[in-house]
1. Those residues that are touching a residue at least 60 places away in the same chain (Cβ under 8 Å) and either part of a strand (DSSP E or B) or touching a Leu at 6+ places or on another chain (Cβ under 8 Å) (or both), I need them from segment 278-311; list them, please.
2. Any idea which residue in segment 53-92 is surrounded by the fewest Cβ atoms within 10 Å (Cβ to Cβ), counting only those that are in contact with a strand residue (DSSP E or B) (Cβ under 7 Å, 6 or more places away or on another chain) and of a type in the set (S, T, Y)?
3. Just a yes or no: is a residue in segment 246-267 β-branched (V, I, T), in the same structural domain as L37 (by TED's automatic domain parsing), within 25 Å of R154 (Cβ to Cβ) and modelled with pLDDT under 95?
4. Can you go through K343, K347 and tell me which one is more than 21 Å from C283 (Cα to Cα), surrounded by fewer than 21 Cβ atoms within 10 Å (Cβ to Cβ) and modelled with pLDDT of 95 or more?
5. Picking from E298, E363, E327, E332, which residue would you name as being more than 29 Å from the chain's Cα centre (by Cα) and on the phi < 0 side of the Ramachandran plot?
6. Out of curiosity, is V70 at pLDDT 95 or above, farther than 18 Å from L238 by Cα and not in a helix (DSSP H, G or I)?
7. Looking only at residues in segment 116-150 that are in a loop (DSSP other than H, G, I, E, B) and of a type in the set (A, V, I, L, M, F, W, C), which one is nearest to R24 (Cα to Cα)?
8. Name the residues in segment 100-151 that are farther than 30 Å from N245 by Cα and charged (D, E, K, R), would you?
Amino acid sequence: MKKLMGLVMANYSNEAFGVLTNERPVASLPFGGRYRLIDFPLSNMMNSGITTVGLITPYMYRSLMDHVGVGKEWSLNRKIGGMFILPGSIYGLKSTRGKFLLRDIIQNTPFLIRGGCDLVAVTGCNRIYNIDFREVASQHESSGAEITLIYQKRDGEDDGQYLTFSENGRVTAVKNDAGGGNYFLDAFIINRELLLKFTNWYQALGYLDLMEIIGENLDKVRVRGFEYAGYVGCVDGLDSYMRTNLALLRADVRDALFLRDRPICTKVQDSPPAKYLETSHVCNSLISSGCTIEGTVENSIIFRGVRVGRGAVVRSCVIMQGCEIGEDTNLENIICDKYVDVKAGVKVTASPDAPIAVGKKQEL
């Protein structure tokens, strides 16, 4: 789409993820056995025909850059357009709500100016869904809106922002934790000229979040909504990270996310198939390539290169790449970051609503 360019905001985090975000931003959190959260917004851009995408990075950018590279997996390694790695402010946002720091956009206005597109699709990284931005752009243009906020009707259990509408369909308020209703999916389409005007008008208030600015100008700017009816996974902390990962064990969720005509792409890593020994027992789990399973795995997500020892029991867990689960261990509702070494005989259990996370390269 020549009229539409993309802007992915990755310069934010919050303490609700505990040790999982000590060395990485939310955008590069591993997900679903082989993906990272950044894969979903980048794939949505690619599948929507958006060929110019800016990725605003945090100061902890190593893991993110290692994963996205030059954007080859998303067909963004091109001579015209492509993926642009943009610097984010060293003082990124550390909030469950704020994701669109105006300071990040102000210092990257040359990208917007040179992009040459009429519309900008702006998105965060911790909402898991598969959307075609072309449908949003079509409604945006036909409705005469200057901003179109993407939302979904939800019951209010998720942290975030909710929209209210007037009878003619204009957004009249953006509220925090409104107890249900029109849940904002941290993505919107905005006229490029209006976004540039915001950067000029609020030049001295760069610490503001763009959603705060939009909320202040609802009476002056035509803001409408686009209702998305598909599956959405919200990742705002350890409990929701665990819940959204384990939701992939349901066939209906996988069918809603991983569409044949709109694939979710990720960095390619060549590994041999998983190996299941005679003593293994696996039930309702996703096991990635390169794993060796000798024990029991139930209702869990197992990333690449994990070894589960003989007699070990892993239930309702997320075990990331390269972990060693020793013999006769028992883990339940545990998140193990990469390369965790669980010694033989260790038993650790937690509540589904309060999972325990073990930091990268730690021992249990």
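1. The answer is L286, I287, I301, I302.
2. S89
3. So the first thing to find is which residues in segment 246-267 are β-branched (V, I, T), and the list is 253, 264, 266.
Filter once more, so that each one left must be in the same structural domain as L37 (by TED's automatic domain parsing): 253.
This time we only want the ones that are within 25 Å of R154 (Cβ to Cβ), so: 253.
Cutting the leftovers down to modelled with pLDDT under 95 gives us none.
No, because not a single residue in segment 246-267 is β-branched (V, I, T), in the same structural domain as L37 (by TED's automatic domain parsing), within 25 Å of R154 (Cβ to Cβ) and modelled with pLDDT under 95.
4. Values: K347 fails: more than 21 Å from C283 (Cα to Cα).
Exactly one residue qualifies, and that residue is K343.
5. Numbers: E298 fails: more than 29 Å from the chain's Cα centre (by Cα); E363 fails: more than 29 Å from the chain's Cα centre (by Cα); E332 fails: more than 29 Å from the chain's Cα centre (by Cα).
None of the other options fit; the residue is E327.
6. Working: at pLDDT 95 or above: no; farther than 18 Å from L238 by Cα: yes; not in a helix (DSSP H, G or I): yes.
Judged against the criteria, V70 is not a match.
7. We begin by selecting, within segment 116-150, every residue in a loop (DSSP other than H, G, I, E, B); these are 116-118, 124-126, 129-132, 144-146.
After this cut, where a residue has to be of a type in the set (A, V, I, L, M, F, W, C) as well, the list is 117, 125, 131, 145.
Values: C117: 32, C125: 13, I131: 26, A145: 36 Å.
If we take residues in segment 116-150 being in a loop (DSSP other than H, G, I, E, B) and of a type in the set (A, V, I, L, M, F, W, C), then C125 is nearest to R24 (Cα to Cα).
8. Selection gives R103, R114, D118, E141, E146.
The values are calculated or read from the model by the stated rules, or taken from the named source; none is laboratory data. All figures in this text were calculated on a predicted structure; none of them were measured in a lab. When we count neighbours, we look across all protein chains shown, and the Cβ atoms used for this are built from the backbone with ideal geometry, even at glycine.
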